[in-house]
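So the structure is just underneath, and the comments pick up after that.
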Amino acid sequence: MFLCATDEHGTPAELAAAKAGKPVEKFCAEMHTIQAKIALGFRLSFDHFGRSSSVQNRQLTQHFAARLADEGLIREVDEQQVYSHADKRFLPDRYIEGTCPNCGYSSARGDQCENCTKQLNPTDLIDPKSSVSGSTDLEVRNTRHLYLCQSKMRDTLNAWIDEKVDWPILTTSIAKKWLNDGDGLQDRGITRDLDWGVPVRKGEAEWPGMEDKVFYVWFDAPIEYIACAREWVDAGKGDNWERWWRTDKGANDVTYYQFMGKDNVPFHTLSFPATILGSGEPWKLVDYIKSFNYLNYDGGQFSTSQGRGIFMDQALEILPPDYWRWWLLSHAPESSDSEFTWENFQAGVNKDLADVLGNFVSRVTKFCRSKFGEIIPSGGTYGHLEEDLFSNLQNKLEAYQAHMEAVDVRKSAAELRAIWVLGNEYLQSAEPWAVYKADSEAAAMIVRVSLNLIALYSQLSSPFIPDASSQMRVAMGIDDQAWPISIIDAMDKCTEGSTFTVPENLFNKISDENREEWAIKFSGVRD
Ligand SMILES: [Zn+2]
């Protein structure tokens, strides 16, 4: 089961909707459709692509809040917040702008001055104004919020993280830092004075004093992982969503993975587990959190506001999804941040996809067509080259599977590439074009092995480059999509006498002209 959803609540969504001149519900529905289309374009095979604003998530979020309150893990806190009369709303700290009292920078934000990096409170700012409307008609008001008592869960969370010896260091080190640095894990506000979000209720009941408030986006967003499975059932795609999520209803045999950037790790290692564990109900906890460092763009960060970098919709306009999937996965920022440059992207695509895999497929199929026709040729027997090839392939297949199971993305990509390379090396050594003159049956055997390699590649490559995989499978006339276990058995997929077709060029090389054009186009110019 593969679930994903759009995280729709929060101030940025409200402000983006206002900027677009649309009601926020309508705006979020449109963005969801756009995101779903992009995900499909990248061949992300979600079983369901849900929405955190769904009825299912609203109910479940309110249910968790009630459970946490019953367990004594929620307290009410009175605090002060800036209200903007012109905007008719409380403003989150970062939407208040003014002069920094420390360095005099005139566009400091209410949470931090980006010029001198000093952490600020909105009330520290000189001449504060709303960055939504520019209004200076601001007032500090008292407001009451719910806090999740994470500090009470600290020992439980520490013990849970300590069990996770197989997790990436990146994940556990961030969790430990938040748990133990300074005064340790702090309680966290889980409500906001906003209109857009999950209304604060204690299950189905009113929550006195919390009228007109919503849950904080980081409280309800991860709960949507669970609610999304219920959406999946309600959409008629499956049944019994609780079987995946409740250990009292069959979820003990589920292995649950989450994937995220490192900035999201604190919420997934601490706040969300605190919600689950604190509920006192048998909800499934995550088994493995795969976190990633940042992908940077050509010496800096990607920036939507500055149009710097290439974004998912633009990427698909210039090249098919396989090109992007291959580069991004083979350069996944696992051990450190990684950097996208157009030179590096061009080199990765041209060498790995076009020169290694694409070239092999093209050479083999075209040679066979010219000598034997579009038919898997008969005759010949395996020799030592084939025995070596099969034994190397078997080792690499097992290594590839082990890396995939360990969620080592870069190592998996490298192993897959090495499997492609074996095909080229075999062809260079076996030289069917030279053998053909003296012994056409021996050449037929070499070609048959090579055609079977294409069938093998179509299966092994599908997690990385699904479109090319499907092209190879169709060209070889293979229906069976089962994962190979034994290489020897896999070498009989294309049987003697069956037909194949020569596929269109699997990959086109990226030219220097294209590379230069794109580097300029995406370098960061504001519209
Ligand atoms: Zn400053």
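The values are calculated or read from the model by the stated rules, or taken from the named source; none is laboratory data. On a predicted model such as this, the values are computed, not experimentally measured, just so you know. Positions of Cβ are backbone-derived with ideal geometry, glycine not excepted, and every protein chain shown enters the neighbour counts.
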Pick from segment 93-103, criterion surrounded by fewer than 22 Cβ atoms within 10 Å (Cβ to Cβ) and within 24 Å of TYR216 (Cβ to Cβ), ranking: nearest to the ligand (Cβ to nearest atom) = GLU97
request  = Working carefully through the options ASP137, ASP111, ASP124, find the one that is in contact with a Cys (Cβ under 9 Å, 6 or more places away or on another chain) and acidic (Asp, Glu).
outcome  = ASP124
task = Would you mind listing the helices (runs of 4 or more DSSP H) fully within segment 424-527 where at least 3 residues are over 20 Å from SER378 (Cβ atoms)?
result = 440-460, 466-476, 512-521
ask   = Out of curiosity, is SER106 over 23 Å from ALA274 (Cβ atoms), within 16 Å of the ligand (Cβ to nearest atom), polar (S, T, N, Q) and in contact with a strand residue (DSSP E or B) (Cβ under 7 Å, 6 or more places away or on another chain)?
value = yes
message = With away from the ligand (no atom under 16 Å from the Cβ), surrounded by fewer than 17 Cβ atoms within 10 Å (Cβ to Cβ), more than 34 Å from the chain's Cα centre (by Cα) and over 28 Å from ILE223 (Cα atoms) as the only criterion, which of ASP78, ASP137 stands out?
response = ASP137
request  = Scan segment 110-127 for residues that are surrounded by fewer than 20 Cβ atoms within 10 Å (Cβ to Cβ), within 23 Å of TYR216 (Cβ to Cβ) and either among the small types (Gly, Ala, Ser) or in contact with a strand residue (DSSP E or B) (Cβ under 6 Å, 6 or more places away or on another chain) (or both) and jot them down.
outcome  = GLN112, GLN119
task = Please list, ordered by first then second residue, the pairs with beta carbon atoms under 6 Å, 6 or more apart or interchain, first in segment 105-128 and farther than 20 Å from TYR83 by Cα, second near the ligand (Cβ under 10 Å from one of its atoms) and among the polar types (S, T, N, Q).
result = TYR105/ASN115; SER106/THR99; CYS116/ASN102; LYS118/ASN102; GLN119/GLN112
query = Quick one: how many residues across segment 99-134 are more than 21 Å from LYS19 (Cβ to Cβ) and more than 36 Å from the chain's Cα centre (by Cα)?
reply = 14
ask   = Are any residues in segment 173-185 part of a loop (DSSP other than H, G, I, E, B) and surrounded by 14 or more Cβ atoms within 10 Å (Cβ to Cβ), and if so, which ones?
value = LEU185
request  = Return the pairs, sorted by first residue and then second, in which the second residue is modelled with pLDDT of 95 or more, the first residue lies in segment 386-415 and is outside any helix (DSSP H, G or I), the beta carbons are less than 7 Å apart, and the residues are 6+ apart or on different chains.
outcome  = VAL407/TYR288; VAL407/LYS290
Those residues of segment 372-385 which are part of a helix (DSSP H, G or I) and surrounded by fewer than 16 Cβ atoms within 10 Å (Cβ to Cβ), in sequence order = HIS384, LEU385
inquiry  = For segment 454-479, which positions are among the small types (Gly, Ala, Ser) and under 24 Å from the mean Cα position of the chain (by Cα)?
reply    = SER458, SER461, SER462, ALA468, SER469, SER470
key: Positions within segment 317-339 being surrounded by fewer than 17 Cβ atoms within 10 Å (Cβ to Cβ) and among the hydrophobic types (A, V, I, L, M, F, W, C), in sequence order   = ILE318, LEU329
query = Do we have any residue at all in segment 265-274 that's surrounded by 19 or more Cβ atoms within 10 Å (Cβ to Cβ) and under 21 Å from LEU44 (Cβ atoms)?
reply = yes
query = Among the residues of segment 16-49, which ones are within 22 Å of ILE190 (Cα to Cα) and surrounded by 16 or more Cβ atoms within 10 Å (Cβ to Cβ)?
reply = VAL24, CYS28
